[in-house]
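The values are calculated or read from the model by the stated rules, or taken from the named source; none is laboratory data. In this text the structure is predicted, and so the values were computed from the model without any measurement. In this analysis, Cβ positions are derived from the backbone assuming ideal geometry, glycine residues included, and neighbour counts consider all displayed protein chains. Note: areas computed on protein heavy atoms with side chains; ligands, DNA, RNA excluded. Shrake-Rupley method; radii C 1.70, N 1.55, O 1.52, S 1.80 Å.
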Amino acid sequence: MTAFHPARRARYLVLAVLTLLLAVVPAPAARAQSVVEPRFAWPLSPAPSVARPFDAPEHAYGPGHRGVDLVASPGQDVLAAGPGYVVFAGRLAGRGVVSVEHDGGLRTTYEPVEPRVSSGDQVSQGQVIGTVAAGHAGCPAAACLHWGVRRGEEYLNPLRLVVPDTVLRLKPWEGVVA
């Protein structure tokens, strides 16, 4: 059996530990796909239908739908999905947009809206932040609210952050009769 020099043995030990850590600790992309604890409410009341679902892009500049389109009525109140601070309220690319920064590095965006808040305003969950404006491209209804959520530069599916408002009840299982 060949004996290793102490420096070489330490180097192999460090490489073995790093290899083990890389195998055990998930990559950032894997961590990003982890389940997010529900914490937001719907930005429209009553709970709306989804006209167009979230479609995550494969890469930063790839095609996709970075939010959900919710069926609404023109002039319907838009509610802050959670507590936070308004970081933008105004016109962007010809549309009214409101963005709210929340704890945990989350930012929600609502468009097209007529803002009723200003940058720097503190908002609470359920507070009216604007009204839905007609004219969202691709909307099959009179109006749709595009609702997006991101953490840093990563877009998340807003529907995964909504606190469910249904109660699940288990019924007795009758079993299968042969």
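Tabulated data for the structure shown
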| item | result |
| --- | --- |
| Extension gain, Glu154 back to Glu58 (0.36 nm per residue minus Cα-Cα distance, nm) | 33.4 nm |
| Heavy-atom SASA rank of Asp55, Asp69, Asp77, Asp103 (probe 1.4 Å, accessible area, largest first) | Asp103, Asp55, Asp77, Asp69 |
| Summed residue charge, Cβ within 15 Å of Asp55's Cβ, Lys/Arg positive, Asp/Glu negative | +1 |
| Rounded FRET efficiency, nearest 0.05, which uses the C-beta distance separating Val50 from Gln122 and R0 of 35 Å | 0.75 |
| Overall Cα dimensions of region 72-169 - principal axes, largest extent first, Å | 39, 35, 25 |
| Accessible-area ranking of Tyr110, Tyr155, Tyr61, largest first, probe 1.4 Å | Tyr61, Tyr155, Tyr110 |
| Estimated dipole of region 94-165 in Debye, rounded to 20 [Cβ of Lys and Arg +1, of Asp and Glu -1, Cα centre] | 120 |
